[in-house]
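Student: One structure, pasted below without further comment.
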Amino acid sequence: MLSFSAGLFEESARWVGFRFWLQQDRTYPRTLLYGAGHGGIEALILGLLVLLTYINMLILTQLDVATLVPAEQLSLVQSQMQAFWGANWWDTFAGAVERWLTVPFHIGLTVLGLQVWRRKAGWLWWLLAVLLHGTTNLVVVSVLPKLGYWGTEAVLAGFTLLAVLIIVIFREPEPETILAE
């Protein structure tokens, strides 16, 4: 349910953006920027959270953790710190790769969302975007325990390629501009 609720809320938010903020400028180039902004902001926020976690872990290594947490939680905190610092350095890049892959994915979903305003039965295009978003979330979360970080990133790359295909299929020429003489 959580996978599909994320799709429902994010695609509905995109619809609201098209409906109210991009009402006068629902062009393909503007849609690409809108999707890049959505994916980029999400990547930036999650990237900042990762940076804050790293900074917190650096600070915790300089402090006596036993004075900061209740005694019954001390072993849990220490094991989490060991797991954090014991991770392979290349595995720390999995989150960055995921964020890199989700930006074009969000652009593709935004292009799909544009079809609500371009084609008949617009609500079906919105529903397709919700289902694709939710299915992607569900599959990625489901395969993580079986495939690990990098196998999961490969699955996400497949969904990203599908999104890039959507971007290409629904590509529109830029509007012609008349140059003043």
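None of the figures in this text is laboratory data; all of them are computed from the coordinates on show. Worth saying up front: this structure is predicted, and the values here are computed from it rather than measured. In this analysis, Cβ positions are derived from the backbone assuming ideal geometry, glycine residues included, and neighbour counts consider all displayed protein chains.
Student: Taking R0 as 41 Å, what's the FRET efficiency between Thr61 and Lys146 from their Cβ-Cβ distance, rounded to 0.05?
Tutor: 0.80
Student: Moving to a separate point now. Work out the charge dipole of the chain with +1 on the Cβ of Lys and Arg and -1 on the Cβ of Asp and Glu about the Cα centre, then indicate which of Gly122, Thr102, Gly158 is farthest towards its positive end.
Tutor: Of the candidates, Gly122 comes out farthest on the positive side.
Student: Which stretch or stretches of region 47-63 have amide N atoms under 19 Å from the point lying 7 Å from Trp89's Cα along the Cα→Cβ direction?
Tutor: Zone members listed by number: 51, 54-55, 57-58.
Student: Follow-up. Using only helices, what value at 222 nm comes out for the chain when you add -39,500 (n - 2.57) per DSSP H run of length 4 or more and divide by the total residues, to the nearest 500 deg cm²/dmol?
Tutor: It comes out at -27500 deg cm²/dmol, rounded to the nearest 500.
Student: To the nearest 20 debye, what is the magnitude of the charge dipole of the chain about its Cα centre, counting +1 on the Cβ of each Lys and Arg and -1 on the Cβ of each Asp and Glu?
Tutor: So the dipole magnitude of the chain works out to roughly 600 debye.
Student: Okay, next question. Any idea what the relative contact order of region 2-169 is, in percent, if you count C-alpha pairs under 8 Å spaced at least 6 apart?
Tutor: Result for region 2-169 is 40 percent.
Student: So, one more: Only one of the values (i) 0.96; (ii) 1.08; (iii) 1.11 was calculated from this structure for Rg/Rh (Cα atoms, Kirkwood Rh); name its label.
Tutor: Recomputing Rg/Rh (Cα atoms, Kirkwood Rh) here picks out (iii).
Student: When the label point is put 7 Å from the Cα of Tyr54 along its Cα-to-beta-carbon vector, which residues of region 80-105 have a backbone N closer than 16 Å?
Tutor: Flagged as within label range: 84-100.
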